[in-house]
């Protein structure tokens, strides 16, 4: 007869498996949302407050560069990569109330 602990573990595994795939990487912030909210000045300020691990997380989670490239990049390079990716996408994302 299985113990109660085994049943609980089985229920947790079943619940986990039924929720579907999860992203491999998550980011501490969404650079697109921050850019739309406050522009490049706000995004740059927020990125400058992050350590290199979080910058890499943003780059990888948003697929702005391959993970091996992100792993070898400096904080400055990661910030530049994020800003370069967000700039051209921002007008399309914020086009809700444009001119």
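Grab the Cα-Cα distance for residue 26 and residue 84, subtract it from 0.36 nm times how many residues apart they are, and report the gain in nm with one decimal.
18.9 nm
Based on the Kirkwood radius over alpha-carbon pairs, what is the Stokes-Einstein translational diffusion coefficient of region 23-93 at 4 °C with 1.567 mPa s viscosity, in µm²/s?
109 µm²/s
Give me the one-decimal nm value for the distance between modelled label points at residue 42 and residue 69, 7 Å along each residue's Cα-to-Cβ direction.
2.8 nm
Throughout, read-outs are computed from the coordinates displayed, never taken from laboratory work. Source: prediction; values computed, not measured. Glycine gets a Cβ as well: all are built from the backbone with ideal geometry, and neighbour counts include every protein chain shown.
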